[in-house]
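Asker: Mind having a look at this structure? Questions to follow.
The values are calculated or read from the model by the stated rules, or taken from the named source; none is laboratory data. These numbers come from a predicted model, not from an experiment. Counting neighbours? That spans all protein chains shown, and the Cβs are built from the backbone with ideal geometry, glycine included. Protein only, heavy atoms only, side chains kept; ligands, DNA and RNA dropped before computing areas. Shrake-Rupley method; radii C 1.70, N 1.55, O 1.52, S 1.80 Å.
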Amino acid sequence: MTERWHRRRGWRGAAAVVAGLVAGGCAGAGGGTDGGAGGGDAVALLHGAADALRVAGSSKARTSMEMATGGTRVTIRGEGVYDYRRQLGRLKVMLPQDPAGASEHRPITELLTPGALFMKNRGAGVPADKWVRVETATLSDGNLVTGGATDPYAAAEVLRGARTATYVGRAEVAGVAVRHFRGTADLVVAAEDASDRSRGALTAAAKGFATARVPFDVYLDDEGRIRKVRHRFSFVNGRREDAVAVASTTLLYDFGARVDVRLPAAEDIFAGRIAED
């Protein structure tokens, strides 16, 4: 679990917080004449962002997760594909290099599914040909940070809890014209309004984070689809009393991309004990 990895020192302990690796009202500034939205309209628009992704069907995704602790900044990056209607995805997650420049770990393959996270190349005593399966509702963060990447659909469902939203203005993401909104979401509200498949994980996150309030910046295209979203979570690890700020960014592109996610067979799932470092 996340706590095991936190027993390391230095950058390894910092990376563990990010990766885990098992481990009311509406307010806002009114928009201008270029397609902006007022506070109430912006909140309603963001509440429907996850639905817009379901209409799109699928996309490619890039993720990054950043944190700073003890003077060390750690960034974990991921890339893959996601099917929003089935809520299935596959990411290749790259752990950060150590201070000497050597990679600590091979890329980890993650399969994102409703209620479970599967990881291959997990290390820590897990055979290279085996997968580790983790129930996301049992994680204190609902797997919003534990896997080193936020599930793209879960990232959208967090916005169902948007309580405030301000239209910042027009912008561009990867060559696509977008509208930039900034606000704060409430994980308790998000869990209540989330789809059945996401509710358990978001409920766990609402209880497990240092605060259920999640500041965000989100960029929507003209079809209401998320092109980029950045959440700032406040995470407390079991071995720390102070909260650690974790910034998770998800970039979505190439909508309609083919997604082929095959879950591992029962005999390919590791059933032994994960070694502690």
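Asker: Under 6 Å between Cβ atoms, at least 6 apart or on separate chains: pull out the pairs that start in region 107-123 with a residue that is open to solvent by 30 Å² or more (accessible area, probe 1.4 Å) and end on any residue that is in a loop (DSSP other than H, G, I, E, B).
Answerer: That search, which allows pairs on different chains as well, returns 114/87; 121/106.
Asker: What single numbered condition from (1) in contact with a helix residue (DSSP H, G or I) (Cβ under 8 Å, 6 or more places away or on another chain); (2) open to solvent by 20 Å² or more (accessible area, probe 1.4 Å) fails to hold for residue 222?
Answerer: Unmet condition: (1).
Asker: What number of residues within region 258-270 are closer than 11 Å to residue 81 by Cβ and loosely packed, with under 15 Cβ neighbours inside 10 Å?
Answerer: Counting residues in region 258-270 that are closer than 11 Å to residue 81 by Cβ and loosely packed, with under 15 Cβ neighbours inside 10 Å gives 2.
Asker: Have a look at 160, 170, 197 and point out the one that is in contact with a helix residue (DSSP H, G or I) (Cβ under 7 Å, 6 or more places away or on another chain) and open to solvent by 10 Å² or more (accessible area, probe 1.4 Å).
Answerer: Among 160, 170, 197, only 160 is in contact with a helix residue (DSSP H, G or I) (Cβ under 7 Å, 6 or more places away or on another chain) and open to solvent by 10 Å² or more (accessible area, probe 1.4 Å).
Asker: For region 173-186, what are the residues that are crowded, with 19+ Cβ neighbours inside 10 Å and among the β-branched types (Val, Ile, Thr)?
Answerer: Within region 173-186, just 178 meets the criteria.
Asker: Still on this structure, please answer the following. With the requirement that a residue be of a type in the set (D, E, K, R), assigned to a strand (DSSP E or B) and closer than 18 Å to residue 116 by Cβ, what does region 78-91 give you?
Answerer: 83, 90, listed by residue number.
Asker: I would also like to ask the following. Given the structure, is residue 189 hydrophobic (A, V, I, L, M, F, W, C), open to solvent by less than 50 Å² (accessible area, probe 1.4 Å) and outside any strand (DSSP E or B)?
Answerer: The answer is yes for residue 189.
Asker: Against the condition modelled with pLDDT of 60 or more, touching a Phe, Trp or Tyr at 6+ places or on another chain (Cβ under 9 Å), under 23 Å from residue 140 (Cβ atoms) and surrounded by fewer than 19 Cβ atoms within 10 Å (Cβ to Cβ), how does residue 70 come out, does it pass?
Answerer: yes
Asker: Which members of region 226-257 meet the condition of being over 18 Å from residue 185 (Cβ atoms), of a type outside the set (Val, Ile, Thr), open to solvent by 30 Å² or more (accessible area, probe 1.4 Å) and part of a loop (DSSP other than H, G, I, E, B)?
Answerer: 238, 239, 240, 241, 242, 254, 255, 256
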